[in-house]
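Step one of this worksheet: look at the structure below.
The values are calculated or read from the model by the stated rules, or taken from the named source; none is laboratory data. All figures in this text were calculated on a predicted structure; none of them were measured in a lab. Using ideal geometry, Cβ is built from the backbone for each residue, glycine included, and neighbour counts are taken over all protein chains shown. When the accessible area is computed, the model is the full protein with side chains, heavy atoms only, and any ligands, DNA or RNA have been set aside. Shrake-Rupley method; radii C 1.70, N 1.55, O 1.52, S 1.80 Å.
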Amino acid sequence: QAWNPYSSQTAFPPGGEILTAFTMATSGGDRFAALPNLVAVVVIAVGVYGIGRRIGLDPRRALFGALLTPLFPVVALHAQSTLNDLPLAALVVAATALLLRRSETDLALAAAAVALALTTKVTALFALPLLAVLAVLVWRPRRRPLAVAGACSLAGGSIWYVVNLVNTGDAR
């Protein structure tokens, strides 16, 4: 069997690795390789605070949840690694927080966050049904902007999957 340049090493979306590669290329080493994960922890904490406020928690309780989130063992251990789980989680939390707001600008930003999540890791597909249900519940009276945002996020996030399908015959 001939060597396939699109093997499992290049099969998955490169969005998360691009951040780490950028820090390595600009610093000349791997000293700052975990920086995307550390930024993601901050984004997750801010998103948890925003979600808490949008669902009706008072500021102190929302802040308690936001400050507690980085202390969870899985978050604390991933924060110092170069895995791309936390950037994916940050994008999903950001999309959730933005969907809970009711402006079309926030809807467009949520769609961009979903598209970036899809280009970060395949497991972003697991979040899509929950985000879709949330979007429909929050945006029920205004279906047209929601449909446009959903279509744009799926189209933008599926680019790498299309590349894989064309080159290998397999979308993952």
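List of remarks:
- Search result, residues across region 11-26 that are part of a helix (DSSP H, G or I) and open to solvent by 50 Å² or more (accessible area, probe 1.4 Å): GLU17, ILE18, LEU19, ALA21, PHE22, MET24, ALA25, THR26
- Elements of type helices (runs of 4 or more DSSP H) contained in region 58-156, each with 2 or more residues being modelled with pLDDT under 95 and open to solvent by less than 80 Å² (accessible area, probe 1.4 Å): 73-79, 85-99, 104-120, 128-138
- Matching option when the condition is without any contact (Cβ under 8 Å) to a residue 60 or more places away in the chain and within 20 Å of ALA112 (Cβ to Cβ), among VAL46, VAL75: VAL46
- For region 11-24, a residue qualifies if it is small (Gly, Ala, Ser) and under 17 Å from PRO87 (Cβ atoms), and the qualifying residues are GLY15, GLY16, ALA21.
- Unique residue being touching a residue at least 40 places away in the same chain (Cβ under 8 Å) and under 14 Å from GLY157 (Cα atoms) when the list is LEU99, LEU128, LEU107, LEU88: LEU88
- Selected residue [touching a Leu at 6+ places or on another chain (Cβ under 9 Å) and over 23 Å from GLU17 (Cα atoms)] from VAL92, VAL75, VAL114, VAL136: VAL136
Here is a yes/no grid of residues against (1) within 17 Å of the chain's Cα centre (by Cα); (2) under 20 Å from TYR49 (Cα atoms):
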| position | (1), (2) |
| --- | --- |
| ASN84 | yes, no |
| ALA90 | yes, yes |
| ALA95 | yes, yes |
| LYS121 | yes, no |
| PHE126 | yes, no |
| ARG143 | no, no |
| TYR161 | yes, no |
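- Filter result for VAL166 (of a type in the set (Val, Ile, Thr), surrounded by 15 or more Cβ atoms within 10 Å (Cβ to Cβ) and more than 15 Å from ALA40 (Cα to Cα)): no
- Lone unmet requirement of (1) assigned to a helix (DSSP H, G or I); (2) more than 19 Å from the chain's Cα centre (by Cα); (3) in contact (Cβ under 8 Å) with a residue 24 or more places away in the chain for ARG53: (3)
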